[in-house]
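Take a look at the structure set out below.
The values are calculated or read from the model by the stated rules, or taken from the named source; none is laboratory data. Given the structure is predicted, the values throughout are model-derived calculations rather than measurements. Reconstructed Cβ throughout: ideal geometry from the backbone, glycine too, with neighbour counts over all protein chains shown. Side chains are part of the model used for accessible areas, which takes the heavy atoms of the whole protein and leaves out ligands, DNA and RNA. Shrake-Rupley method; radii C 1.70, N 1.55, O 1.52, S 1.80 Å.
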Amino acid sequence: MLQYITTTDFSHSQRLFHGRGHAYPNLSHVNVDWLEPVILITLYQEVEAQWLTEVAQQLKELVSACTSVQVQFRCRKMAPTQVLLGEAVEHTTAIEHNLKYNISLGKAQNSGLFLDMANGRKWLLENAQDKNILNLFAYTCPFSVAAIAGGAKQVVNIDISKSSLSKGRENHRLNKHPLERVKFAGVDIFKSNGRIKKYGPYDVIISDPPTLQFGSVNIKRDYAKIIKKIPQWLKPGGEIMLCLNSPDLTDEFLLEQVAEHCPDCKFQQRIAPPAVFKEAHQGKGLKVLIFKYLPK
């Protein structure tokens, strides 16, 4: 596996190996992330203990700044995390585009930052100046951090999870951002149109929903509900980033949904994930599309 890790720059947080894209024989069950000083191996099926020990040692030798190699077993109930080598690090700080994000290890299935969205956050960092931005499905607010760093006038973060938004507030504090320019609303996006419109209209909307969240989101069914609201939320000439994580839905799904439910939104560009997120089959990985709202 190490022969597929080509980077020599470990100065920022990143995925080192992406097996889940099925581009590497017999390794589709393995991902490896660098979250200094931790290398995190994520397993989607059981492996032999000796193989895991050998890989952990090789990874630790590869990255001199590594003081902890951990494994998360997504293949097991509750996705437990185990320290393989070094220190039992539970909290660290990810660095991306010179911005900082709090990372928790061993407490939840997700650490707090989705590394495949790095280029999407870079786009917002470069396009946020003086903008009023709506961040839907904000999670721990990485897009909001990028937007404020990029000079946004205001960011409104919407997520049903108040605990995730609290972590987002801490991410802003970690970067010494002016919190008076950031709003946090722990509400259901599909039941809170009035709350969302209150802070609009917006210059930019970010929509990065989960594919399936029991009791709140089924994106194949629900994306149309968001797209239909664009004329109520977005200023003419404004831009919207529509993201899709489902391996079963391609970007054609988004293009068709927009054509049907908000035809005044015109496709502008696709934003690819970092090159390490290699996919054997096109359309299976993260999809990020930018549209501009151009009503007649």
query: Cα convex hull of the stretch 31-112: how many Å³ per residue?
result: 86 Å³
statement: Of the candidates TYR44, VAL155, ALA275, the farthest towards the positive dipole end of the chain (Lys/Arg Cβ +1, Asp/Glu Cβ -1, centred on the Cα centre) is VAL155
- prompt: With point charges of +1 on the Cβ of Lys and Arg and -1 on the Cβ of Asp and Glu, referenced to the Cα centre of the stretch 72-176, which listed residue (GLY86, SER164, ASN119) lies farthest in the positive direction of the dipole?
  reply: SER164
statement: From the Cα centre of the stretch 1-70 to that of the stretch 225-248, the distance in Å is 35 Å
- request: Round to a whole angstrom and tell me the spacing of the C-alpha centers of the stretch 166-189 and the stretch 99-131.
  value: 13 Å
query: Extension gain ALA259-ASN98, at 0.36 nm per residue separation less the Cα-Cα distance, in nm?
result: 54.3 nm
- request: Quick one: compute a quarter of the convex hull surface over the Cα atoms of the stretch 1-138 and quote it in nm².
  value: 9.3 nm²
- prompt: How many Å² of accessible area per residue for the chain, probe 1.4 Å?
  reply: 47 Å²
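At a 1.4 Å probe, what is the % contribution of carbon and sulfur to the accessible area of the stretch 74-202?
On the way: 2850 of 6050 Å².
Solvent-exposed carbon and sulfur of the stretch 74-202 make up 47 percent of the total.
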field: Helical mean residue ellipticity (222 nm; -39500 (n - 2.57) per DSSP H run of 4+; nearest 500) of the chain
entry: -7500 deg cm²/dmol
message: Taking all protein chains in place and a 1.4 Å probe, what share, in percent, of the accessible surface of the stretch 1-57 do carbon and sulfur account for?
response: 45 percent
statement: Computed for the stretch 175-283: size of charge dipole around the Cα centre, +1 on C-beta of each Lys and Arg, -1 on C-beta of each Asp and Glu, debye to nearest 20, value 580 debye
message: If you average 1/r across every pair of different Cα atoms in the stretch 78-160 and take the reciprocal, what Kirkwood value do you get, in Å?
response: 14.0 Å
message: To the nearest 20 Debye, how big is the dipole of the chain about its Cα centre, given +1 on the beta carbon of each Lys and Arg and -1 on that of each Asp and Glu?
response: 1280 debye
query: Ignoring ligands, DNA and RNA, what percent of the accessible area of the stretch 236-296 is carbon or sulfur (1.4 Å)?
result: 50 percent
query: Once Rg/Rh (Cα atoms, Kirkwood Rh) is worked out from the coordinates, which option in [x] 1.04; [y] 1.00; [z] 0.97 does it equal?
result: [z]
- request: Name all residues of the stretch 106-146 having a backbone nitrogen under 15 Å from the label point set 7 Å from the Cα of ARG195 along its Cα→Cβ direction, giving them as ranges.
  value: 135-139
field: Highest average packing first - 140-148, 19-27, Cβ atoms within 10 Å
entry: 140-148, 19-27
